[in-house]
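Okay, structure first, notes after.
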Amino acid sequence: MFHPSRIYSFYISGHIRGKLLLEIGSGPCIHTVIPAASWFDEIILTDFSPSNRDMQEKWLNNDQGAHNWDNFFKYYSKLDGNEANWQQLEATLRPKIKRVLPCDVYKQNPLDPIQLDPVDVICTSACLESACLDKDAYHNAMKNVVSLLKPGGKLILIGVLNCPQYTVGSEIFKCLPISRDEVINTVKANGLDVIELFDDDSSAEEGTTIFNGTVVILAEKK
Ligand SMILES: C[S@@+](CC[C@H](N)C(=O)[O-])C[C@H]1O[C@@H](n2cnc3c(N)ncnc32)[C@H](O)[C@@H]1O
């Protein structure tokens, strides 16, 4: 469901760059920001869950027990034609991630009490449908996230479609089953133009994880 080559293609185009990249609902992960390392002065990771933020901090501090992301660095370095030197990419990314912040997409300012200057680029993957129980909440959560973006700023949205629930370890999480068109319409209704759109019909019905389709959208705030 994660689309590394798509995300890479956005960054390698050279158009998705700036002072700050904000990742909303990163979970315990850094994979979506790895290809952005060279294109921003600063990257901020965020999540609602303290344990996910702890995992991010562990990786940043090179702590024991940190998740090993080497394969992702190797993958993106290979796309760069620089696989043998994949550790360079890791060394570029780590100091760019200057903060890991609490975030709640239900809040008007999801980073409250922190006030950021309007952001160049926001990336969010599988977060809004996971956080929201109905479509009104999904619309409002996206509105709250987009409020952090400057006019002309870009949103990279990776969405999981038609997913009522998913499993992490032994925990089952509820999710909002949403269609491709509903995602696109919500993006447009929140004042963004869709620039690029990829979708597929990949699906899963493994145990308690069910989804049918994914979408990757690059959109620009008017
Ligand atoms: C399915 S995970 C996606 C994690 C990661 N972005 C990825 O693509 O692998 C959903 C994430 O949304 C976060 N989340 C849930 N409710 C949230 C909320 N109200 N505000 C911000 N993040 C939230 C969860 O803590 C979790 O890390």
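Every number here is computed from the coordinates shown, using simple stated rules; none is lab data. Note that the structure is a prediction, hence the values are computed from the model and not measured. Positions of Cβ are generated from backbone atoms using ideal geometry, with glycine treated the same way; all protein chains shown enter the neighbour counts.
Assorted remarks:
- Extension gain, R99 to V168, is 22.3 nm, computed as 0.36 nm per intervening residue step minus the present C-alpha separation.
- D136 paired with K222, simple spin-label distance in nm, labels 7 Å along Cα-to-beta-carbon: 2.4
- Antiparallel DSSP beta bridges within the chain, as percent of all bridges there, nearest 5: 55
- Sorting the segments 162-175, 30-43 by their residues' average number of neighbouring beta-carbon atoms within 10 angstrom, most packed first, yields 30-43, 162-175.
- A simple spin-label model places the labels of K78 and R17 2.6 nm from each other, with each point 7 Å out along Cα-to-Cβ.
- For segment 29-105: span of alpha carbons on each principal axis (Å, largest first): 38, 27, 18
- Sequence ranges 211-222, 122-133, ranked by mean other-Cβ count within 10 angstrom, highest first: 122-133, 211-222
- Estimated dipole of segment 9-145 in Debye, rounded to 20 [Cβ of Lys and Arg +1, of Asp and Glu -1, Cα centre]: 200
- Modelled FRET efficiency - R0 22 Å, E206 with D54, Cβ distances, 0.05 increments: 0.20
- By the beta-carbon count within 10 Å of each Cβ, the least crowded to most crowded order of D199, D136, fewest first, is D136, D199.
- Debye-formula intensities of segment 95-174, expressed as log10 I(q)/I(0) at q = 0.14, 0.23 Å⁻¹, are -0.53, -1.21 (one equal scatterer per alpha-carbon, no solvent).
- Rg ratio (alpha-carbon, reference 2.2 N^0.38 Å) - segment 65-222: 1.14
- Each part reduced to its alpha carbon centroid, segment 1-35 and segment 113-140 end up 15 Å apart.
- Database remark: amide H of S203 closer than 5 angstrom to the amide H of G213 (H placed geometrically; neighbours at sequence offset of 5 or more, or on other chains; Pro and chain starts carry no H).
- Leading residue at positive end of dipole, segment 1-141 (Cβ point charges), from V119, P102, I7: I7
- Distance from the alpha carbon centroid of segment 43-108 to that of segment 156-222 works out to 22 angstrom.
- On the beta carbon distance between E42 and F198, with R0 = 35 Å, the FRET formula returns roughly 0.80.
- Between N109 and N85, full extension at 0.36 nm per residue minus the direct alpha carbon distance yields a gain of 4.7 nm.
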